[in-house]
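Below you'll find the structure, written out as structure tokens, and then a few comments.
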Amino acid sequence: MCAIIGIAGTAETTDAGALAVEGLHMLQHRGHEASGIATMDEKGPHAMGGLGLVATIFNQDVDVPTELPGRVAIGHNRYSTVGKDERNSHLIQPIAGWYRGAPFFLAHNGNITNCKELGELVDEKRRISSVDSELVVRLIEQGGGASFEEDLVAVLQKLDGGFAFLILYRNEIYAARDPRGNRPLEMGVRDEDGVIVFASETCDFETLGARWKASVEPGTIIHVKQDGRIATRSFASAPLRRCIFEEIYFKAPASQHNETTSEFTLRYGIGIEMERASPVPGADYVVPVRDSGEAFALGFAWSRKSGIYYPTIFRNHYIGRTFILPSQNERAVAVGRKHIGSVLDLAGKSIVLVDDSLVRGTTSSKLIERIRKMGVREVHFRVAMSRIEHVCYYGMDWPTRDELIAPDKSDEQIAAEIGADSIAFSELGMLKKAVGGNPNSWCDACVTGNHWHKAA
Ligand code: SF4
């Protein structure tokens, strides 16, 4: 999953680029491999981007208002991928295109699943990468419809998979979301001056002085015009398949889950249910794997029947980026080192380690190995996400099924493999009840194997 942000300013707005930088900072947890921003003003387009964190690219030497002037901006953070071969400039978005004599830019979160079929519609010589987002840009470029919007709609109707797009064209922004609502896209407004903000989640609205206004509805385009008017248009409909893993892992705790509940509160409640389902009587401490395990661990400790919340394992935020390491094993070792605890707190204790999810298991094994060396007596692992046994085709950069730890293993076998005394995963029915709405409206393909794209 990646992050996208869009700023549609008013006539008085001069700092859309700077607002986009702020917004991308807040969304950094969704992607830190590459970051980029594009703006437009009367002189034309302006774009900047690179591999790495927002703070690395838009650093103190960059005069953002000069480099990225304009009242409209879109930005993108890319999630880290596996393998250094993929770390090239083609991963930097927004991607530039050219439509009837004018430039446009596109930022994409998600994954298009029918690239092979779409690739046959594009002249291979015009492509510079194998990135699915570029394919969308090339398709828009070659559209022969009555207008940019008509060609955009025609392309969107051809796509399968999960996607949220922000597109910048002629000082206007188009925000589009896939018909199944698999990828999130939210809209906020700044009341003092009418600036419209689009973002993958709501956590940065407050930082930008905005408030949440609405979700971009699945299968619709929101077009913010130069005069500030907003037009909404439906381009397709399909049964909803919202990503449940977004709610468990990807979104920041400060984002909203829905109109009445924050992500933090949602996860706290799930933690309470996790303890009810799989208690650990006699445990001393409930310890989160930071940062994303915190809210679940607090909930898990709520009854105090399975230990008290005692977050004795800390995360070193200054150890550097681990995604630049080429192999998964090297990354796992480095991630294991990111977590530190004290033998004074842990020796002789029985702890419940609470994490958001278990994918390959390598990171968790390294962490448990480290805390075992501190003399922990028992480690009971509790996982907020249900067992991930299948590949995600819709935007999560997970490995092949063979690399996942859970398929074809019992809980006892998984616990033994990561070095835990016991393990328990959330039951999918409980998670669906917690996130609310129609249970069938949530994508759970990585848990059940019920993939929904056309070629599945
Ligand atoms: Fe989300 Fe899993 Fe569905 Fe992928 S397969 S979209 S991670 S719920």
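The values are calculated or read from the model by the stated rules, or taken from the named source; none is laboratory data. Please read all numbers here as calculations on a predicted model, not as lab measurements. For neighbour counting, all protein chains shown are included, and Cβ atoms are generated from backbone atoms with ideal geometry for every residue, glycine included. Areas reflect the complete protein model, heavy atoms only, side chains present, ligands, DNA and RNA absent. Shrake-Rupley method; radii C 1.70, N 1.55, O 1.52, S 1.80 Å.
General observations
- 3J(HN,Hα) along the stretch 294-299, derived from phi through the Karplus expression 6.51 cos²θ - 1.76 cosθ + 1.60 where θ = phi - 60°, amounts to 4, 5, 5, 5, 4, x Hz, with x in place of Gly and Pro.
- The stretch 345-419 versus the stretch 93-126: alpha-carbon centroid distance in Å: 38 Å
- For residue 265 and residue 409, the difference between the fully extended length at 0.36 nm per residue and the C-alpha to C-alpha distance is 48.7 nm.
- FRET E, pair residue 277, residue 450, Förster distance 22 Å, beta-carbon r, rounded to 0.05: 0.45
- 12 Å Cα-Cα reach of residue 373 towards aspartates and glutamates, excluding residues that sit fewer than 8 places from it in its own chain: none
- Extension reserve of the residue 225-residue 427 stretch, reckoned as 0.36 nm per residue once the Cα distance is removed: 68.2 nm
- Global form of the stretch 76-177, assessed from the alpha-carbon gyration tensor, a/c cut-off 1.5: prolate
- Mean Cβ count within 10 Å, highest first, over the residues of peptides 191-204, 343-356: 191-204, 343-356
- Taking a straight Cα-Cα cut-off under 23 Å and skipping sequence neighbours fewer than 8 places away in the same chain, the lysines within cross-link reach of residue 366 are 84, 338, 349, 409.
- Distance (nanometres) between label positions extended 7 Å along Cα→Cβ at residue 147 and residue 369: 6.0 nm
- Were the residues from residue 59 through residue 304 laid out at 0.36 nm apart, the gain over their Cα-Cα distance would be 83.7 nm.
- Where only DSSP H runs of four or more residues are counted, the chain gives -6500 deg cm²/dmol as its mean residue ellipticity at 222 nm, each run worth -39500 (n - 2.57).
- With the cut-off at under 20 Å, measuring from each backbone N in the stretch 1-40 to a point 7 Å along the Cα-to-Cβ line of residue 317 picks out 3, 21-35.
- With the simple spin-label model, which puts each label point 7 Å out from Cα in the Cβ direction, the residue 343 to residue 236 separation comes to 5.9 nm.
- The Cα-based radius of gyration and maximum Cα-Cα distance (Dmax) for the stretch 155-222 are 12.4, 39 Å.
- Taking a quarter of the surface of the Cα convex hull of the stretch 3-238 gives a mean projected area of 12.1 nm².
- For the stretch 61-158, applying the loop criterion from DSSP together with a ceiling of 11 other beta carbons within 10 Å to the GluC sites (Glu not before Pro) yields 120.
- Accessible surface of the chain, 1.4 Å probe, proportion on carbon and sulfur as whole %: 50 percent
- Sparse packing (at most 16 other Cβ atoms within 10 Å of the Cβ) combined with a DSSP loop state is found for the following trypsin sites (Lys or Arg not before Pro) in the stretch 102-192: 127, 158, 170.
- Here r is the Cβ-Cβ distance between residue 291 and residue 438 and R0 is 41 Å; the resulting FRET efficiency, rounded to 0.05, is 0.85.
- Taking Cβ atoms as reference points and 10 Å as the exclusive limit, the residues near residue 223 contribute a net charge of +1, counting Lys and Arg as +1 and Asp and Glu as -1.
- Inter-label distance, nm, simple model (7 Å from Cα along the C-beta direction), residue 41/residue 126: 3.1 nm
- Accessible area in square angstrom per residue, the chain, 1.4 angstrom probe: 41 Å²
- Our Cα-only numbers for the chain put the radius of gyration and Dmax at 22.4, 72 Å.
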